[in-house]
Each structure stands twice: as structure tokens, then as C-alpha cells.
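The values are calculated or read from the model by the stated rules, or taken from the named source; none is laboratory data. Everything quoted here is computed from the prediction, not taken from an experiment. Please note: Cβ atoms are built from the backbone with ideal geometry, for glycine as well, and neighbour counts cover all protein chains shown. The accessibility values were calculated without ligands, DNA or RNA, using every heavy atom of the protein model including side chains. Shrake-Rupley method; radii C 1.70, N 1.55, O 1.52, S 1.80 Å.
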Amino acid sequence: MDIEGFVRRSMKKEIPEEEIQKLLTERILDIKNIDSSYAGELAAAVIEEAKITSGLEGDLFNFEPSGVTMGEFGVGSRGFGDFYAHRKIAHVIGKTNAAVGVDQMDDGGVVKAGDQYVITTVDGMHSRLSDFPFLAGFHAARATLRDVYVMGAVPVGLISDVHIADDGDVAKLFDYTAGITAVSDALSIPLLAGSTLRIGGDMVIGDRMTGCVGVVGIASHITARSKTAPGDVLLMTEGSGGGTICTAALYSGNADVVDETINLNFLKACDRLIHSDVFPHIHSMTDVTNGGLRGDVHEIAETAGCTIVVEDEPLRGLIAPKVLSLLDKLGIDCLGVSLDALLVIAPGKYADEIIRVVGEAGVAMKKIGFVREGEGAARIIKDGIEDAFCPKFREAPYTPLKKVVDRKGRDFEEMKQGIDRAADAAKAKKERILARLK
């Protein structure tokens with residue numbers, strides 16, 4: 001619970017200060033096993049700090065509100081609202097001298113360093129794995145390594161960040177780290193550094209955990225999304241899921257499926273490809289995560305400026321049987337959820353060799369589509385009929401809570417206006433402060 005947020009909301013409602021303190025004291029005691037007088041002191045101190053910092057003016061203290069919440073716009077929910085928000089982040093950052101910048105919406109960023117490329121990327125732990133720190137660390141580490149591998153890089157080191165709310169058990173730090181290093185030790189990629197903090201310091205109570213894992217890699221050949229070209233084919237490996245499938249399994253009472261996700265198949269397949277003779281001929285690679293194949297193919301098509309056509313027939317056969325059974329049982333769209341499969345895009349004449357090399361790592365792979373001339377569109381062929389293949393507002397709902405949240409909300413175009421205004425204001429503020437610093 002964000003106790004500072006509670007106070008600020010109450011102040012906006014013009015609730016008397018004495019009543020705010022009483023209500024907040026009760027909420028603190030709901031969570032913390034402390035003396036009531038101490039809880040009252042905490043409440044009073046929070047109110048005092050909120051009052052002191054209210055009403056400050058100027059660039060350093062204010063931001064242009066969009067009038068749209070993260071949940072309303074689907075930020076983090078891997079649908080077209082999330083994708084739009086990320087493109088506005090790229091708008092605020094602006095053009096850089098990166099070889100692959102954030103504007104390309106790729107899996108990682110790339111800069112040139114001498115005759116090599118340096119690739120960095122970061123992945124947050126799945127928010128619903130807070131009570132399962134080992135799984136959170138394991139899958140965050142695996143996810144960030146996937147992202148650097150699919151850029152064509154060999155990972156050389158990991159970094160981690162973990163935030164645990166004030167009442168969280170310190171043991172979560174250790175279990176989370178054990179999850180990360182189970183992956184890093186297996187692949188001989190050291191965990192080099194990190195940060196450990198409380199969520200919101202004293203202002204957030206409860207035991208929620210969040211965090212991320214980052215990675216640095218080096219490469220001589222980049223497999224960026226922008227290199228996708230007409231005439232290429234799409235090749236996809238089998239996928240058994242990661243944090244998303246773990247969460248779907250746990251919160252549907254199918255915890256036995258979690259074991260399906262504990263493997264390094266994706267990473268071993270990538271490593272084998274990168275060290276093969278066919279690798280220089282690969283144009284692009286990505287992991288099937290962001291809103292599933294629907295989301296990733298849409299983003300690749302838009303970045304590369306061509307049409308990508310997916311063939312439906314082989315797709316279900318590339319999902320681990322136990323995972324596919326879970327998705328079918330729960331009515332989850334297998335094309336709209338993260339499968340953690342490897343997607344390779346390359347000229348058709350190299351397809352057989354790529355499939356053979358990946359097979360050497362013990363991972364199955366099939367052709368699932370092709371690339372043709374067009375204007376950044378994604379299509380799907382099902383039962384011989386070609387149709388649009390678009391991401392939805394959110395990824396396929398895969399927990400009971402997400403099924404409740406996944407309902408029509410505010411008008412998207414109306415929300416975009418607020419998002420655009422806020423992003424433009426943030427960029428303008430950056431330019432003002434930059435001019436001052438220079």
C-alpha cells in the first residue's frame with residue numbers, strides 16, 4: 001500500500017487532516033504488527049511531508065498530466081496501448097547516435113565500439129511472481145539473456161535490481177538472486193553488480209517485490225528487426241513459456257506446468273546459431289513475448305516497413321504439449337500470449353541450414369511464414385484465407401484477475417491525445433533543462 005498516495009488522494013478530497021490520520025493509522029495497522037501509537041506517529045509524519053511538498057511550482061517539481069492512467073492505457077500489458085506508449089518514450093528520448101536505438105522498438109539497444117557492437121537490454125520480473133522470488137529471478141534473467149542473444153550478441157555479464165516493500169522478508173533478496181544465478185552459472189555468464197532498495201522507502205508498506213535483470217553483450221553481426229526484408233521466411237522454435245506461462249499456471253491451480261518453463265533451450269539454440277557459419281546470413285531474430293506472436297510480428301512489420309505473413313497451420317505444434325493443453329483448458333489465445341519461442345527471419349535459401357543448426361541444440365524449429373513487399377502490416381493465413389493479424393489492446397488475459405481487467409474502457413483515440421500532450425511536454429522540459437546544463 002502506498003501510504004503517501006493515500007494521503008495525497010485524501011487531501012484532494014478535502015478530508016479533514018484528523019480524519020486522514022485516523023484512517024491511515026487503521027490501514028497501517030491492517031498491514032504492520034506495531035503499536036497503535038507508533039502507527040499514529042507514522043501517519044502524522046506522512047501527512048506532514050505530503051503537506052510540505054504540495055503546491056511546488058516549476059519544471060523540477062511538476063509534470064504535464066496526461067489524464068490517463070497506466071492501467072487504462074494498458075501500459076505493460078503488451079498490446080497496442082503499450083506499444084504506443086513505448087513509441088512515445090522513444091519520442092521523448094529523440095534521435096541518438098546508437099546503431100540500434102529505441103525508435104526501432106527492438107529487443108535491445110546497440111552502440112558501436114571500435115570494430116564491435118555493444119548490446120544492452122533489461123527485463124523486469126513478472127509482477128505476479130512477487131511471492132515466488134526464485135521463479136521471478138530465473139525468468140527475468142532468462143528473458144534479458146534472450147533479448148541480447150536475439151540481437152546477435154554473446155552475453156558477457158548481468159546486472160540485477162530488486163525492490164522489496166518495507167514489510168517484505170529479506171530472504172526474498174536471496175531467493176531472487178538464486179534464481180538469477182541458476183541461469184547465469186549454468187551459462188557461465190557472471191552476475192556483476194546490482195542494486196537493492198525498498199519500494200518507495202518508508203512510504204510503501206506490505207511485502208510486494210519488483211525488480212529487473214539487465215545484460216551486456218558484444219557482437220560483430222547485428223540481427224535487428226529493421227533488417228527484415230521481402231523474400232525472407234519466418235522460422236520459429238518450439239516454446240514452453242516463461243514468466244507469463246508460470247503465472248497462468250500458478251493462478252489457475254496448475255502449478256505442475258511451471259516445471260515446463262525451467263529450461264535453457266532458447267538460449268542454447270541462440271548460442272549455437274551465433275557460433276555457426278549460417279549466422280551472418282540471418283537478417284533478424286526476436287523472442288515471441290510482447291503480446292505473443294500477434295504483437296511481435298506487428299512490431300517487426302512496422303519497424304521494417306514490409307508485410308509479414310504468418311501461416312497458422314504449424315503454430316500449435318510448436319507449443320510444448322503440456323503448455324498448449326493449459327492454454328486450451330483456460331481459453332487463452334496461444335497467439336496473443338508470450339511463448340518464449342525464438343523467431344528467426346532470413347532468406348529462404350538458408351532456412352534448412354538454420355533449422356538443422358537449431359536442431360543440434362535439441363530444439364525443434366519450423367517455417368511459419370514469409371515476408372513480402374508492403375507497408376508495415378502483419379497478416380495471417382488460416383484455412384487458406386488471408387486476414388489481418390493484429391495485436392489487441394492487451395495481451396490475451398491469462399489469469400482470473402486479467403480476465404476481469406480485460407474489458408472495454410475509455411476511447412483509445414481520446415486517451416492518445418492526453419498521452420501525446422504529456423510526451424511532448426516532457427520532451428520540451430528536457431530541452432529546457434539541457435539548454436541550462438550547456
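List of remarks:
- Our note on the geometry: Cα centres of the range 362-438 and the range 255-271, 26 Å apart.
- Estimated at the nearest 10 Å², the accessible area of Leu401 is 110 Å² with a 1.4 Å probe.
- For the residue pairs Lys392/Lys416; Lys95/Lys416; Lys268/Lys403, the C-alpha atoms sit more than 26 angstrom apart in Lys268/Lys403.
- Solvent-accessible area of the chain (1.4 angstrom probe, protein heavy atoms only): carbon and sulfur portion equals 54 percent.
- Taking other residues whose beta carbon is less than 13 angstrom from the beta carbon of Arg272, and scoring Lys, Arg as +1 and Asp, Glu as -1, yields -2.
- Candidates Tyr149, Ser130, Val110 compared by Cα position along the dipole of the range 54-155: farthest toward the positive end lies Tyr149, with charges placed on Cβ.
- Protein heavy-atom accessible surface, 1.4 Å probe, per residue over the range 351-421: 60 Å².
- Screening the chain for whole DSSP H helices of 15 Å or more along their axis (Cα) with average Kyte-Doolittle hydropathy at least -0.5 returns 17-31, 36-52, 80-93, 133-149, 171-187, 292-304.
- Computed label-point distance, nm, for sites Lys329 and Phe174 using a 7 Å Cα→Cβ extension: 3.4
- Projected label points at Phe63 and His91, each 7 Å from Cα along the beta carbon direction, are separated by 1.5 nanometres.
- Ile218-Arg372 FRET efficiency (beta carbon distance; Förster radius 25 Å; 0.05 resolution): 0.15
- Electrostatic dipole magnitude of the range 112-215 [Cβ: Lys, Arg +1; Asp, Glu -1; Cα centre; debye, to 20]: 320
- For semi-axes √(5λ) of the Cα gyration tensor in Å, calculated from these coordinates, the label among (i) 37, 25, 19; (ii) 40, 25, 23; (iii) 35, 27, 22: (ii)
- Choice from Tyr84, Tyr251, Tyr38 showing the highest fluctuation, given a GNM over the chain with Cα pairs closer than 10 Å: Tyr38
- Exposure check, 1.4 Å probe, all protein chains in place: Ile433 carries approximately 50 Å² of accessible surface.
- Estimated from helical segments only, the mean residue ellipticity of the chain at 222 nm is -12500 deg cm²/dmol, where each DSSP H run of four or more residues counts as -39500 (n - 2.57).
- Each Lys and Arg contributes +1 and each Asp and Glu -1, all at the Cβ; summed about the Cα centre of the chain, the dipole is approximately 780 debye.
- Of the residues Phe279, Phe174, ranked by 1.4 Å probe accessible area with the largest first, the sequence reads Phe174, Phe279.
- Candidates Ala378, Ala255, Ala141, ranked by Gaussian network fluctuation over the chain, Cα under 10 Å, top entry: Ala255
- Remark: accessible surface ordering of Met70, Met125 (largest first) is Met70, Met125, probe radius 1.4 Å.
- For the residues Asn62, Asn263, Asn254, a GNM of the chain with alpha-carbon springs under 10 Å puts the largest fluctuation on Asn62.
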